[in-house]
Amino acid sequence: MDRSLWIKIASIVGVTLVCLYGIIGIPKSQKELVDNFNNNIKLGLDLKGGSQLVLQVQVQDAFKAEADQLIDRIKTELKTAAVDYGSFDRNEPDTIEDSEKIEIVAKGININKAGEFRRIIGDRFPDWNVTSTSGSDYKLTMKPSSAIDLRKKTVLSAIRTIESRIDGLGLAESSVQQRGAAETEPEILIQMPGVDDPGRIKQILQTAALLELHEVQEGPFATREQMMTQFNGILPPGTKAVRGMGAQESWFLLKRAPVVTGRDLRDSRAAQDTMTNGWVTTFVLSQDAAGRFGRFTEANINKRLAIVLDGQVRSAPTIQNKISDNGQITGAATQQEANDLALVLRAGSLPASVVYLEERTVGPSLGADSIRQGLMSGLVGLVAVVFVMLAYYKKSGINATVALILNAIILIAILAYIGATLTLPGIAGVVLTIGMAVDSNVLIFERIREELRGGKAVRAAIDAGFKRAFLTIIDTHVTAVVSSAFLFIFGTTNVKGFAVTLIIGLLANVFTAVFVSKVIFDWELSGNKKVTTLSI
Amino acid sequence: MSKTLVHQPDSGRMQLFRDTNFDFMGNKWPMIGLSLILTAAGLVSLAIEGGPRYGIDFKGGTLLYVKFADKPSEESVRSALAKKIPGEISVVAVQGTNELMIQTEMRNEKELQSTRQAIEDTLASVFGSTPDKLNFTGAAAGRVYERLNLPLQKAGVFISDEDLRKLVTEALSFRDKQKGGMLVSLDELNGVPGLTPQILNVLKQEAYLGKYLVRNTEVVGPRVGNELRTQAVLATLYALAGMLIYVGLRFEFSYGFAAVIAVLHDTIITIGLFSLFHKEISLTVVAALLTLVGYSMNDTIVVFDRIRENLQRGRKGDMTEIVNRSINETLSRTIMTSGLTFLTAVALWLFGGQVLNGFAFALVIGILVGTYSSIFVASPILVAWQDFMKSRGNNQKSGGASPAVTTAKKLAAK
């Protein structure tokens, strides 16, 4: 045997060993072998059981909040600079797509101070463009690059918040990630292995936990209509109508800009109210917010303050004296409810509300069945293919079988090395790869037979067969990989798993069917100089 | 023709087709007729049904697979659900199991929250639950542990915390992996290592066996479905365009065109047959379709490769004869390669379970149709194209070289 053949054989053995190591490590016992296998091959939720949620961050909420804050800050700046202004108002983008259309209308800016006004916006609020609509009126729109940043920031902070809530629930194995290619894609995928009833978790994740303390202007009113009649159908500028919590309808007119928000929270706990014995959730403000809150409450004694959680007035107590850093939220029915609220407040509020798009739950018994069925079909497929190959190609069938098994080993090992998750469609991909992989051997063997019939000697026929079939194999593989690639781009998690297995399987197949199989033939022929027959 | 499946004693080689000389091109019309009938049947069925039957992934809705101890009639479950849930409800028995597939439509995103709960509540009220006991069927490990911890201590059973957790895991693993998630009696747990009669007694006090088990739940909002549908169609079209370009580059545009028409034909027939068999197009079915786009291309390429080779060798005869000879020469490998992949697809179809059923069905059909189409659709189109170019060439310049020969020259020049 010549040296180059030895090198080829050594490299094949090397690849095989590296692959086996990736799958089962170096086991010292049968139990360790099973453990290593389970550690290396990550199973998808559809195989091990669990829940998957997809939710969508309503980023327009963050844009509205940003605009509200901006209005407040501009007013302060204008006051300092002694620029007179009439009113500020913003529009209401309803959908995610409309977020970027956020717009603030400034009216009645002193015409003589127009330059000053533009300078302040330009210097202090570089995220915004200002255009004049008439002599004293202006329109503020967000710069496209800043809008993209805000979108990214909102999605990212929603992910962080959801992560810390999930951690707070003790679901350690869970994963929270953005779905979709772009960083601005407002969809979040949450996978929770072992959770088969996501009801409570959904509740907790959905609570925006957007806590805001607003000054009460008027109210409560029994109905919205009643409130509107009092103001002749138009709410005063800078205010908003908010519904009160409870079965009995009630409405409050609040100042639009909150005094403090949940972002300013330092801590939150469930506690029992000493007066009513009901469960409440207490909160403590951060130092910075405490100063602001203290000044506000001191200046507004005897006015009322609304505690608004997720767009509902929980309570509207009268400010008795200066409060600096703590408060409580009433209205929890049970201790768990108060606890859950404290958990979400601690984890931080979502920067925008979330909407569920999808929920998938696979029970553990179905996962176990799927694994069993996947393995069964793989085994039956493999046995059938091997049987046909051995019957049809005799000894050369052994060659194909070795290449086929190595193909499967390489495929599984690469999945393990890149940390891919094996899903049920992924198993189907492995099974299908078995069927497709052997096609290459068939193409080569048929070609060799043809060359033999054409009168070539064994060695020459084999060489010609491999050479001629190679281009065909590349052609067929490219088409299969191209369609799988589109599948990968389009697919959801599970389908991606299928596409990945198929692509890896086909790439590995070029190595096994073309290289390994040829080396096996060479090795078979290397012993005797004169080979006249080939079992193919 | 009697030479099929000849065993050659001299070489010891089994050969499916040896030196065959079927006149594929001469008999193409009956086969093209069959294709047209299948395509038409599928399209008519699609037209009657108002488009493909989309699975939950594409149309949105709620889907539950529920396993029952005693399977109730579909109608009884359907009518019980209809009282609580508006809109269309379909309840279908899963063949060969004790399961029902419950599916409801969803018209807006708000129903996403409520429908699943409504279905589970209805099931609980119809099939009974014991409110102050733990439903051992479907209970997660954490809950079983919590439920047993104190009562075990009260009953004076000493078991360490760690051992109890391990025992619960073992018991649930037995339930899910050996018994498909449902026990007939708690006594079945007797064989679980570490489960003493005292513990079993406590378990019997604290838990009952629910008569049904929700095995799988999928809730998809309609908006996601619409997006996915567009994406699926786009992905398929892009994949086809990719094929056209690749085959066009490797061969010639006419080859790419013929191959893509054949693959499109396979896709339409597969979708049509799904409609005829009342099967749903789910995400995994689209995955199968895209795989088929790539795969049924393979057979076509093998034949085309040989046509090109025969043209390059300057074999005599017109295009029809060359194509015929090429198909005959590659017949063995076409049947072998398709047949082997077909075997694995059938294995998936028979043993892959309910989740993969649609996927495997699409593969089984697609491989059959794909193999047939590379012979009876792609090749005739190629011949027709070349003949058309030839007649046009003759009109423009009478006595010009035949396209088959020009093709051969061009390719030889490459």
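Remarks
- Residues that are within 10 Å of chain A (Cβ to nearest Cβ), more than 16 Å from residue B:148 (Cβ to Cβ) and among the hydrophobic types (A, V, I, L, M, F, W, C), drawn from segment B:170-195: B:182
- Boolean, residue B:198 is away from chain A (no Cβ under 14 Å), in a helix (DSSP H, G or I) and at pLDDT below 90: yes
- Extreme residue, farthest from the other protein chains (Cβ to nearest Cβ), among residues of segment A:405-427 that are surrounded by fewer than 17 Cβ atoms within 10 Å (Cβ to Cβ) and either of a type in the set (A, V, I, L, M) or part of a helix (DSSP H, G or I) (or both): A:417
- Unique match (being under 19 Å from residue A:486 (Cβ atoms) and in the same structural domain as residue B:371 (by TED's automatic domain parsing)) among B:322, B:268, B:307: B:268
- Condition met for residue A:485 (assigned to a helix (DSSP H, G or I), aliphatic (A, V, I, L, M) and either more than 10 Å from chain B (Cβ to nearest Cβ) or surrounded by fewer than 21 Cβ atoms within 10 Å (Cβ to Cβ) (or both)): yes
- Residue-level check: of (1) in contact (Cβ under 8 Å) with a residue 60 or more places away in the chain; (2) of a type in the set (A, V, I, L, M, F, W, C); (3) facing chain A (nearest Cβ under 9 Å), residue B:140 misses just (1).
- Exclusive hit being more than 14 Å from chain A (Cβ to nearest Cβ), surrounded by fewer than 19 Cβ atoms within 10 Å (Cβ to Cβ) and either touching a helix residue (DSSP H, G or I) at 6+ places or on another chain (Cβ under 9 Å) or within 30 Å of residue A:449 (Cβ to Cβ) (or both), set B:16, B:36, B:43: B:43
- Residue A:465 being outside any helix (DSSP H, G or I) and within 14 Å of chain B (Cβ to nearest Cβ): no
- Leading residue by the ranking (surrounded by the most Cβ atoms within 10 Å (Cβ to Cβ)) among those in segment A:95-112 that are within 30 Å of residue B:223 (Cβ to Cβ) and hydrophobic (A, V, I, L, M, F, W, C): A:102
- Residue check for residue A:447: in contact with a Lys or Arg (Cβ under 7 Å, 6 or more places away or on another chain), within 12 Å of another protein chain (Cβ to nearest Cβ) and either surrounded by 22 or more Cβ atoms within 10 Å (Cβ to Cβ) or without any contact (Cβ under 8 Å) to a residue 40 or more places away in the chain (or both): yes
- Any hit, segment A:324-339, residues being surrounded by 23 or more Cβ atoms within 10 Å (Cβ to Cβ), touching a residue at least 60 places away in the same chain (Cβ under 8 Å) and away from chain B (no Cβ under 12 Å): yes
- Residue that is farthest from the other protein chains (Cβ to nearest Cβ), among those in segment B:279-298 that are outside any loop (DSSP other than H, G, I, E, B) and of a type in the set (S, T, N, Q): B:296
- Identity of the residue in segment B:327-351, in contact (Cβ under 8 Å) with a residue 40 or more places away in the chain and more than 17 Å from the chain's Cα centre (by Cα), that ends up farthest from the other protein chains (Cβ to nearest Cβ): B:327
- Only one of the numbered conditions (1) in contact with a helix residue (DSSP H, G or I) (Cβ under 8 Å, 6 or more places away or on another chain); (2) of a type in the set (Gly, Ala, Ser); (3) over 30 Å from residue B:188 (Cβ atoms) is violated by residue B:114, and that is (1).
- Residue match in segment A:107-120 (condition: in a helix (DSSP H, G or I) and of a type in the set (Val, Ile, Thr)): yes
- Selection of first residues in segment B:286-307 that are over 22 Å from residue B:322 (Cα atoms) and touching a residue at least 12 places away in the same chain (Cβ under 8 Å) and of second residues that are buried (at least 24 other Cβ atoms within 10 Å of the Cβ) and aromatic (Phe, Trp, Tyr), restricted to Cβ pairs under 6 Å at least 6 apart or on distinct chains, gives the following pairs, ordered by first then second residue: B:287/A:498; B:288/B:359.
- Filtered by the rule that a residue be farther than 19 Å from residue A:505 by Cα, of a type in the set (Val, Ile, Thr) and within 7 Å of chain B (Cβ to nearest Cβ), segment A:374-404 gives a lone residue, A:388.
- Scanning segment A:46-65 for residues that are part of a strand (DSSP E or B) and small (Gly, Ala, Ser) yields A:50, A:51.
- Verdict on residue B:134 being touching a strand residue (DSSP E or B) at 6+ places or on another chain (Cβ under 9 Å) and surrounded by 18 or more Cβ atoms within 10 Å (Cβ to Cβ): no
- Condition met for residue B:182 (in contact with a helix residue (DSSP H, G or I) (Cβ under 7 Å, 6 or more places away or on another chain) and assigned to a loop (DSSP other than H, G, I, E, B)): no
- Scope segment A:158-209; condition assigned to a helix (DSSP H, G or I), more than 14 Å from every other protein chain (Cβ to nearest Cβ) and among the small types (Gly, Ala, Ser); matching residues: A:158, A:164, A:168
- Residue A:136 falls short on exactly one of the conditions (1) part of a helix (DSSP H, G or I); (2) over 30 Å from residue A:342 (Cα atoms); (3) small (Gly, Ala, Ser); (4) touching a residue at least 40 places away in the same chain (Cβ under 8 Å), and that condition is (1).
- Meets criteria (crowded, with 16+ Cβ neighbours inside 10 Å, more than 7 Å from chain A (Cβ to nearest Cβ) and not hydrophobic (A, V, I, L, M, F, W, C)) for residue B:255: yes
- Unique match (being within 7 Å of another protein chain (Cβ to nearest Cβ) and either closer than 24 Å to residue B:348 by Cα or under 46 Å from the mean Cα position of the chain (by Cα) (or both)) among A:497, A:435: A:435
- Filter result for residue B:235 (among the small types (Gly, Ala, Ser), within 11 Å of chain A (Cβ to nearest Cβ), over 30 Å from residue B:153 (Cα atoms) and touching a Ser or Thr at 6+ places or on another chain (Cβ under 6 Å)): no
- Restricting segment B:352-375 to residues that are more than 9 Å from chain A (Cβ to nearest Cβ) and aromatic (Phe, Trp, Tyr), the residue that is surrounded by the most Cβ atoms within 10 Å (Cβ to Cβ) is B:372.
- Cβ-Cβ contacts under 6 Å between residues 6 or more apart (or on different chains), taken from a first residue in segment A:344-366 that is touching a residue at least 40 places away in the same chain (Cβ under 8 Å) and more than 14 Å from every other protein chain (Cβ to nearest Cβ) to a second residue that is assigned to a strand (DSSP E or B) and among the small types (Gly, Ala, Ser), are listed as A:345/A:268; A:346/A:268.
The values are calculated or read from the model by the stated rules, or taken from the named source; none is laboratory data. Just so it is clear, the model here is predicted, and its values are computed rather than measured. With ideal geometry, Cβ positions are generated from the backbone for all residues, glycine too; neighbour counts draw on all protein chains shown.
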